[in-house]
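Please read the structure below before turning to the comments.
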Amino acid sequence: MIRIREFRWRDYDDVAALWAAAGRDVLPREELTAKLTRDPQLFLVAELDGAVGGVVLGTYDGRRGWILRLAVDPAHRRLGIATMLVGELEERFTALGCPRVNLLVMPDSTAALRFWQTLGYLPMPDVLCSKPMGGTSRQPLG
């Protein structure tokens, strides 16, 4: 039986191992602590027979919701865990009054794009811009 619940700190090592097994970067405890001070109810764990089988990390800034990380243990894929996690997260966004949810998909990840499209997420022709903050030196342009 799959049960969706909020993340608890005692889950951290299992979640970190799942992220690594799924090929995702592991969020350090410090970064996760800062995120959880804002909307801890948007970090969900799928528990399968007492073990962490999947996770989704969302955030809401008062204007837009973001799905930042969705990962399912490779040994437990194709059981509907990702769909269940996203469904629960969407319900929580709705309860917060969130009018729109965004997420990023790597352009070469056709399977991920297909998954998100089956859930109603549509590709947008936006251009992602990113700037690392703190501790980085600026490189001159050109």
How large a share of the accessible area of the chain, in percent, is made up of carbon and sulfur atoms when the probe is 1.4 Å and the other protein chains stay in place?
54 percent
Between Thr118 and Glu6, what is the spin-label point distance in nm, taking each point 7 Å from the Cα along the Cα→C-beta axis?
3.1 nm
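Using helices alone, I'd like the mean residue ellipticity at 222 nm for the chain: each DSSP H run of four-plus residues gives -39500 (n - 2.57), total over residue count, nearest 500. Spell out each step's value before the answer.
Values: 4 runs with 42 residues, N = 142.
Computed ellipticity for the chain at 222 nm equals -9000 deg cm²/dmol.
Measuring with a 1.4 Å probe in the full set of protein chains, what accessible area per residue, in whole Å², belongs to the chain?
Working: 9400 Å² over 142 residues.
The answer is 66 Å² per residue.
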Can you give the % of DSSP beta bridges in the stretch 47-104 that are antiparallel, to the nearest 5?
75 percent
With a ≥ b ≥ c the root eigenvalues of the C-alpha gyration tensor of the stretch 57-111, is it rounded (a/c under 1.5), prolate (a/b larger than b/c) or oblate?
oblate
Please report the projected area of the chain's Cα convex hull averaged over all directions, in nm².
10.5 nm²
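Could you tell me the calculated FRET efficiency between Glu91 and Ala34, based on Cβ-Cβ distance and R0 = 30 angstrom, to the nearest 0.05? Can you show the working numbers first?
Numbers: r = 25 Å, r/R0 = 0.82.
So, using R0 = 30 Å, E works out to roughly 0.75.
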In square angstrom, rounded to the nearest 10, how much accessible surface does Leu128 have for a 1.4 Å probe?
120 Å²
Hey, what angle do you get for helix 81-95 against the long axis of the chain, alpha-carbon based, 0 to 90 degrees rounded to 10?
70 degrees
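The values are calculated or read from the model by the stated rules, or taken from the named source; none is laboratory data. Every value quoted in this text rests on a predicted model; they were computed, and no experiment measured them. Neighbour counts run over all protein chains shown; Cβ positions are idealised from the backbone, glycine included. When the accessible area is computed, the model is the full protein with side chains, heavy atoms only, and any ligands, DNA or RNA have been set aside. Shrake-Rupley method; radii C 1.70, N 1.55, O 1.52, S 1.80 Å.
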